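One structure is given here, and the rest of the page talks about it.
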Amino acid sequence: MFRIEETGPKVRENDARFRILLPGIEESRGFSVKVYLIDKKDQFNVSIRPEIFSLAPENSNPDDESWGEIAKNNWCSETIPLDPGTYLYRFEITGPERGTGNSVRSLYFGDPFARETDAGIFSVLRIPPETRPAWDDGAFKVPLMEELILYELNVAEFGETFEGVSDRIPYLISLGVNAIELMPINSIAEPTQWGYMPIFYLAPEERFGGPAGLRHLVQECHQNGIAVVMDMVYAHTDRMLPYRIGYERFFDLWRDDQYSDGGGTHRAPNPMVSAYDHFGKKNDWRMQSTRQFFAAVNAFWLREYHIDGFRYDHVNGFLDRRPEEENGGINWDRFRPTFASLQELSRATYQESKAHPRFMPSLNEASRIIQIAEDLCESAYQLSPISDSAINGCWEKRLADIAQDMAANGFLSSDLGKELLLADRRFDGLGYKGWKTVADEDIPALVVQYIESHDEPRLFYLMQKKIACGDASREGGDDSGFDYRNGLDGQPWWKLQPYAIALMTSVGVPMLWAGQEFAENTGLAVSGQVRVRGFRPLHWDYFYNVATTPEGATVLPLVTLYRKLGNLRRAHPGLRAPRENAREEYSNPDEQVLAYRRWSDDDILIVALNFSDRDKQVPIPFGHVGRWVDILQSSYENPLYPCIEHVADPNARRSITVPGNFGRILRLESGV
């Protein structure tokens, strides 16, 4: 069984003993292992060479010598006395080269289980060990899934460092946000990458502030009622992953029918990585070693950093079955896993979470851990009982696709209401209930709705392209995404307002992509390295933008609207109600207006949206006698378009004026 506590340097006061699991690296076959160690302050001094220490195989407990299907092969150094300081270390293997058998040295590689890293592939050792401050978040409880307002952010682009994100917590609170989703923060090789090519799974990125910075961020979030979700990349790896770069001169990465016994049990020297390639070499989830490793990684983050949940990247790329070859290759777009891998991982993580009080308001309740799958357009499957997993959230891309099409082409899609309210038949066909059962406990299972994400161009970028050249098409893939106008002055960003109202009144969990709330307008290349390496820091100056429409109306910053919407969603259970409590009431694509009903018990609301530039009359079937008030307008100190309707006939449609590029949220305040 794989155990994280058996890995990494073992430090006692000023003594260190290096340990590393190297399956397939056997002394009897001519392999040897060394560790190179240097004081961090000396790393650029050419006159100071690193110290080199040899490692030897350790006699392990014969009852616990396996890591899944393979032998652990634990290599250890002697105990080494060291002066106080911060050290950098990396490993090197010498052994028989694949193909020739000649003795060769590997490239240097980091510790696959490093808890802290430095630039490149260096792992960090502190002597004496760093004393961690005690956690002070015992009163924090993870919010209910149905109450989440999620905010996705790239640490580098949002606040540069973990501390920079912490400094902006009051801003997040003002938006009503109670959960942040951090794009990958595991240590990577390229400093400007998004982070989706992992190297070290246990180390927070040093340029963001490393372990101390992340602990501080989580602590500050918890003290302010905000949950922290990490984006985890378990489908594929970077070439610099230690089990790739350290092994590549000695072993071929394998496909099916290689390194297997007659029963198909994989016994490859590499404990995780296969030769299959899509976005990077794939981890093989059919191997017990892979499954044990990632379950332990999740438990590590829950325990050591008080992380509140995970977003699993590209789960439809988890290699848990043999891929089928077509015409000499594999069509990964058509590949679907069995998802046995995700079932096992999510259920193990769910059980682990129950040991942590922040997930358990009481012993009789289900765990509130957040586990979100990225399986674009397949949320109906992932969130239905037939998935047999503990996944309780899933990114749903269809709403974003519709919003992009509308923004780029200036129309109202007839499918918008259906996606906002999850009225698509695919949910009924797969038995979606809004909940599922895990270990005899019912947990919520909610769609994560978004109109912008890190994976999409900004809506206003598409609008600006259409305004500038009459064409926002992304055909051909030659758009770098950097051809945006700097500044919002004179730009009709108020066209984004009905999109904001739609998102924040939708069924499911609304997610904002950092910056959309103040009309961030960067684009995104369709493909290529500029897509993932292009640095797009947020234009915080947009945050203050006030504009005047062509009709002369003063429009407050877009962020003001998002703040109002966040507070309204938090205050009104009707806006958080399930799909059974939502119904489209009116749609007129020609007029670009849409109206729908949301309710929970006596909290009854009607949302009316106008995507056109002119005020429109929208016929509303109120359905209830009484006084209806536009709670969105009344939330402003000086409302420009107040609306109060006294309804006497519940069966008659009553026309109301909906301002252009805006909307109304009408609530039944009292019956007659």
Given the conditions (1) surrounded by 23 or more Cβ atoms within 10 Å (Cβ to Cβ); (2) touching a Phe, Trp or Tyr at 6+ places or on another chain (Cβ under 8 Å), and given that L175 satisfies all but one, which numbered condition is not satisfied?
(1)
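Give the residues of the stretch 301-341 that are among the aromatic types (F, W, Y) and touching a helix residue (DSSP H, G or I) at 6+ places or on another chain (Cβ under 8 Å), sorted by residue number.
First pass over the stretch 301-341, keeping only residues among the aromatic types (F, W, Y): 301, 305, 310, 312, 318, 332, 335, 339.
Within the stretch 301-341, Y305, F310, Y312, F318, W332, F335, F339 meet the criteria.
Kindly evaluate V297 against the criterion of being touching a helix residue (DSSP H, G or I) at 6+ places or on another chain (Cβ under 7 Å) and modelled with pLDDT of 85 or more. First the steps, then the outcome.
Numbers: touching a helix residue (DSSP H, G or I) at 6+ places or on another chain (Cβ under 7 Å): no; modelled with pLDDT of 85 or more: yes.
When the stated conditions are applied, V297 does not pass them.
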Here are some residues: G417, G431. Which one is in contact (Cβ under 8 Å) with a residue 24 or more places away in the chain, of a type in the set (G, A, S) and not in a loop (DSSP other than H, G, I, E, B)?
G417
Do you know which residues across the stretch 314-348 are in contact with a strand residue (DSSP E or B) (Cβ under 6 Å, 6 or more places away or on another chain) and assigned to a loop (DSSP other than H, G, I, E, B)?
P323
Among the residues of the stretch 7-30, count how many are over 15 Å from R126 (Cβ atoms), in contact with a strand residue (DSSP E or B) (Cβ under 7 Å, 6 or more places away or on another chain) and surrounded by 16 or more Cβ atoms within 10 Å (Cβ to Cβ).
7
Quick check on my filter: what residues within the stretch 503-543 are modelled with pLDDT under 95 and acidic (D, E)?
E520, D541
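Among the strands (runs of 3 or more DSSP E) confined wholly to the stretch 536-639, which include 3 or more residues that are surrounded by 19 or more Cβ atoms within 10 Å (Cβ to Cβ) and of a type in the set (A, V, I, L, M)? Break it down into steps so the answer makes sense when it comes.
On the way: elements: 582-588, 593-600, 603-610, 616-621, 626-630.
Of the strands (runs of 3 or more DSSP E) lying wholly inside the stretch 536-639, those with at least 3 residues that are surrounded by 19 or more Cβ atoms within 10 Å (Cβ to Cβ) and of a type in the set (A, V, I, L, M) span 593-600, 603-610.
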Yes or no: the stretch 31-44 includes at least one residue that is assigned to a loop (DSSP other than H, G, I, E, B), surrounded by 13 or more Cβ atoms within 10 Å (Cβ to Cβ) and of a type outside the set (A, V, I, L, M, F, W, C).
yes
In the stretch 388-398, residues that are in contact with a Gly (Cβ under 9 Å, 6 or more places away or on another chain) and closer than 17 Å to A502 by Cα total 1
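Just to be sure before I move on: is P50 over 28 Å from A296 (Cβ atoms), touching a Phe, Trp or Tyr at 6+ places or on another chain (Cβ under 6 Å) and not aliphatic (A, V, I, L, M) in the structure I sent? Reasoning before the result, please.
Working: over 28 Å from A296 (Cβ atoms): yes; touching a Phe, Trp or Tyr at 6+ places or on another chain (Cβ under 6 Å): yes; not aliphatic (A, V, I, L, M): yes.
For P50, the condition - over 28 Å from A296 (Cβ atoms), touching a Phe, Trp or Tyr at 6+ places or on another chain (Cβ under 6 Å) and not aliphatic (A, V, I, L, M) - is met.
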Scanning for something assigned by TED's automatic domain parsing to the domain that holds I370, of a type in the set (A, V, I, L, M), crowded, with 20+ Cβ neighbours inside 10 Å and in contact with a Cys (Cβ under 8 Å, 6 or more places away or on another chain), does the stretch 202-213 turn up at least one residue?
no
Go through the residues of the stretch 16-29 one by one and say whether even a single one is part of a strand (DSSP E or B) and under 23 Å from D252 (Cβ atoms).
yes
Can you name the number of the only condition in (1) modelled with pLDDT of 95 or more; (2) in contact with a strand residue (DSSP E or B) (Cβ under 6 Å, 6 or more places away or on another chain) that N588 fails?
(2)
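Could you pull out the residue among L524, L565 that is among the aliphatic types (A, V, I, L, M), out of contact with any strand residue (DSSP E or B) (no Cβ under 6 Å at 6 or more places or on another chain) and within 24 Å of V155 (Cβ to Cβ)? Steps first, answer last, please.
Details: L565 fails: within 24 Å of V155 (Cβ to Cβ).
It is L524.
Give R322, R334, R303, R311 a once-over and let me know the one that is basic (K, R), modelled with pLDDT of 95 or more and surrounded by fewer than 18 Cβ atoms within 10 Å (Cβ to Cβ).
Working: R322 fails: modelled with pLDDT of 95 or more; R334 fails: modelled with pLDDT of 95 or more; R311 fails: surrounded by fewer than 18 Cβ atoms within 10 Å (Cβ to Cβ).
That would be R303, the only listed residue that is basic (K, R), modelled with pLDDT of 95 or more and surrounded by fewer than 18 Cβ atoms within 10 Å (Cβ to Cβ).
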Helices (runs of 4 or more DSSP H) (entirely within the stretch 147-257) containing at least 1 residues that are out of contact with any strand residue (DSSP E or B) (no Cβ under 8 Å at 6 or more places or on another chain) and closer than 25 Å to F293 by Cα
210-223
Pairs, please: C-beta under 8 Å, at least 6 apart or cross-chain, first residue farther than 22 Å from I226 by Cα and in the stretch 356-384, second surrounded by 22 or more Cβ atoms within 10 Å (Cβ to Cβ) and β-branched (V, I, T)?
D375/V315; S379/V447; S379/V448; Q382/V315; Q382/I391; L383/I391; L383/V447
Could you look through the stretch 377-396, keep only residues that are crowded, with 18+ Cβ neighbours inside 10 Å and part of a loop (DSSP other than H, G, I, E, B), and pick out the one that is modelled with the lowest pLDDT?
E378
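Within the bounds of the stretch 112-135, is there any residue that is in a loop (DSSP other than H, G, I, E, B) and over 28 Å from G213 (Cβ atoms)?
no
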Being buried (at least 22 other Cβ atoms within 10 Å of the Cβ), at negative phi and at pLDDT 95 or above is true for just one of K465, K418, K436. Which residue is that?
K436
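The values are calculated or read from the model by the stated rules, or taken from the named source; none is laboratory data. Predicted model, so just to flag it, every value in this text is computed and none were measured. Cβ sites come from the backbone with ideal geometry, for glycine too, and all protein chains shown count toward neighbours.
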